[in-house]
Ligand SMILES: Cc1cc2nc3c(=O)[nH]c(=O)nc-3n(C[C@H](O)[C@H](O)[C@H](O)COP(=O)(O)OP(=O)(O)OC[C@H]3O[C@@H](n4cnc5c(N)ncnc54)[C@H](O)[C@@H]3O)c2cc1C
């Protein structure tokens, strides 16, 4: 079947747009999630929406599953192609088609790299807020498909809050064009659907004015729960930080092993807060947050702009630094009500201690997101198994706290086994019917998100 598919794709989109060499295909079997491998039959390097719609039509006629792929930074194994499938790689669809400074509006193709676009906008005095820590390689298309967030999410929202238009090629009806105000429900269904409803081919984005002033504070606490209780206090007292990141002692240790960044190694828990806006607004918010941090027992330090840049870089590199503690990890991603951050942290650390697994916990704490990373050595089969088992405890701890399965990484294959626990059967059936309306034969990214 793959041969017939490749022949027809060659005739339609051109052989030079296809990857068929088994050695090259190997690379398309992986994303950033450890322990998962797929086996695609062919990859389309799409350059236009026409490429996408023609290839999709052909693959669907052959009954071949299709997997859209951006930067492949998924941490939920959302880009693991089933055997013999067609991967639709949108990385080469990289044009910024339109940028209107006055209206603060841009239209981009899905393969535009998030950091490149944020820099492009910043150069023109505007802020594109969604800032996943993977921004150096993740794409706007992938961000839409996962509704990516980042440190800015609490104040400025996630990708959903920036998207105002979408073009999507769907199996059921071909290309659809959606606008906010007119098609809000459809836009919100597509965002976060992890390539299971169609391929996003164009995105209209709302930008913001760039804040003119910022200040950064670091507060060390004796332990993680005290830091996390302070997060709730900060938000409850009305401070709106641009960023409020939490790092536990294991995370700090891994960062300092990677490079002497100057993080306080003695801290059991660290909060990094950034306040931004107009100068007077920042001064007032900084005074307020300093008072709360000190009252809560934090050891507060002002972070210089240079050091802040370095520390935000370090923060984006945590995934790599954790390898200095253990070579492999299961990167979890839960989101709980802020009042539950500290108890959930304690529950996960207790379960990890019983299981004898090292867990590093960090996250965009202001919006309730925690990333418990379960660290293990693949050469130690028993430890690897204990870490795998612990994944269940972490997911359950999030749900028991009134949280959700994923704060930002999505469900993919990693969280798929837990979906039936998170949704009642009627809700799930309703969602399945919506999925069927877009993808009647269930050929879009099968294996991701949707339980059997
Ligand atoms: C070091 C690191 C840090 C990270 N930090 C964050 C973070 O702070 N916040 C966060 O939210 N995530 C984070 N992630 C996870 C990941 O980067 C995000 O999920 C990101 O949005 C994925 O973008 P991508 O382009 O790599 O998409 P991919 O990984 O290629 O794909 C992700 C999903 O999107 C679908 N998809 C991709 N392109 C399209 C398209 N054009 N049309 C339809 N579906 C498509 C895929 O099928 C898949 O289901 C991090 C990952 C890493 C490795």
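Ordering 338-344, 173-179, 18-24, 128-134 by mean Cβ neighbour count within 10 Å, with the highest value first, yields 128-134, 338-344, 173-179, 18-24.
With angles folded into 0 to 90 degrees, how steeply does helix 279-295 sit against the dominant principal axis of the chain? Use alpha carbons for both and round to 10. The answer is roughly 60 degrees.
Enter the angle in degrees (range 0 to 90, nearest 10) between the Cα long axis of helix 249-258 and the first principal axis of the Cα atoms of the chain, meaning the one along which they spread out most. Approximately 70 degrees, to the nearest 10. Relative to the longest principal axis of the Cα atoms of the chain, the long axis of helix 381-400 makes an angle of roughly 80 degrees. For the chain, the relative contact order is 15 percent, taking Cα pairs closer than 8 Å that sit 6 or more residues apart in sequence and dividing their mean separation by the residue count.
With one equal scatterer per alpha carbon and no solvent term, the Debye-computed log10 I(q)/I(0) for region 304-434 at 0.14, 0.16, 0.18, 0.21 1/Å reads -0.68, -0.85, -1.02, -1.25. Counting neighbouring beta carbons within 10 Å and listing from fewest to most, the residues 194, 383 come out as 383, 194. Here the relative contact order of region 326-440, from alpha carbon pairs under 8 Å that lie six or more residues apart, stands at 31 percent. Here, the chain has an Rg and a Dmax of 22.1, 69 Å when only alpha carbons are counted. Altogether, the Stokes-Einstein calculation at 25 °C and 0.890 mPa s, with the Kirkwood radius of region 43-166 over Cα pairs as Rh, returns a diffusion coefficient of 161 µm²/s. Among beta bridges identified by DSSP and lying wholly in region 3-89, the antiparallel ones come to about 20 percent. Descending by average beta-carbon neighbour count within 10 Å, the peptides 274-287, 407-420 line up as 407-420, 274-287, the highest first. For the chain, the antiparallel share of DSSP beta bridges with both residues in that region comes to about 85%.
Projecting label points 7 angstrom from Cα along Cα→Cβ for residue 281 and residue 102 puts them 2.4 nm apart. Separation of region 56-81 from region 224-239 is 40 Å, based on Cα centroids. Using only Cα positions of region 3-89, each an equal point scatterer, no hydration layer, compute I(q)/I(0) via Debye at q = 0.11, 0.19, 0.24 Å⁻¹ and quote the log10 values to two decimals. Each listed q corresponds, in turn, to -0.26, -0.77, -1.18. Looking at region 211-316, the pairs of alpha carbons with a distance over 24 Å make up 18% of the total.
Laboratory data are not the source of any read-out in this text; all were calculated from the coordinates shown. Treat the numbers as computed from the prediction; the structure is a model and nothing was measured. Cβ: placed from backbone, ideal geometry, glycine included. Neighbour counts: every protein chain shown.
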